[in-house]
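These notes concern the structure reproduced below.
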Amino acid sequence: MDAENVKSQMRKGMLEYCVLLLLHKESLYVSDILSRLKEAKLIVVEGTLYPLLTRLKNDGILTYEWQESTQGPPRKYYRLTDEGCTMLAQIETAWNDIANTVNHIKGDTGDKEFKQDNN
């Protein structure tokens with residue numbers, strides 16, 4: 001089993017949740033979303049983000065509006081719909097359930113840190 005593959009799958013699973021969290025706070029332009037994800041150490045490229053945003057828009061989770069820009073053409077700013085807020089609340093519950101499960105199991109192991117075995 002490859003740990004990098006597992007980490008990649010975990011990041012993919014968290015991406016939608018993180019994007020919804022960001023858009024719950026305010027409407028954002030794609031480069032703003034990418035920048036905030038990068039600040040949080042979740043590196044995502046436009047080629048990954050645009051299909052996700054399109055799918056969420058088509059599912060009624062997001063909407064967007066065009067805003068004039070002082071630095072070029074108008075920009076598309078995404079925001080959550082009411083349905084998106086409901087979905088975010090459901091994902092938040094699922095996230096908390098998963099975190100509680102993992103923390104419980106980690107507690108059963110004595111909260112010890114796992115270190116790479118060099119043997």
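So here's what we get for this one:
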item	result
Eligible aspartates and glutamates near Lys7 by straight Cα distance, threshold 16 Å, same-chain separation 8 or greater	Glu16
Convex hull volume of region 7-59 per residue (C-alpha atoms, cubic angstrom)	79
The chain - percent of accessible surface contributed by carbon and sulfur, probe 1.4 Å	51
Exposed-site-free run, longest, the chain (rule: trypsin sites (Lys or Arg not before Pro); DSSP loop; at most 11 other C-beta within 10 Å)	42-111
Unit charges on C-beta of K, R, D, E only; dipole of the chain, Debye	280
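The values are calculated or read from the model by the stated rules, or taken from the named source; none is laboratory data. On a predicted model such as this, the values are computed, not experimentally measured, just so you know. FYI the Cβ positions are ideal-geometry reconstructions off the backbone, even for glycines, and counts take in every protein chain you see. What goes into the accessible areas is simple: the full protein's heavy atoms, side chains included, and nothing from ligands, DNA or RNA. Shrake-Rupley method; radii C 1.70, N 1.55, O 1.52, S 1.80 Å.
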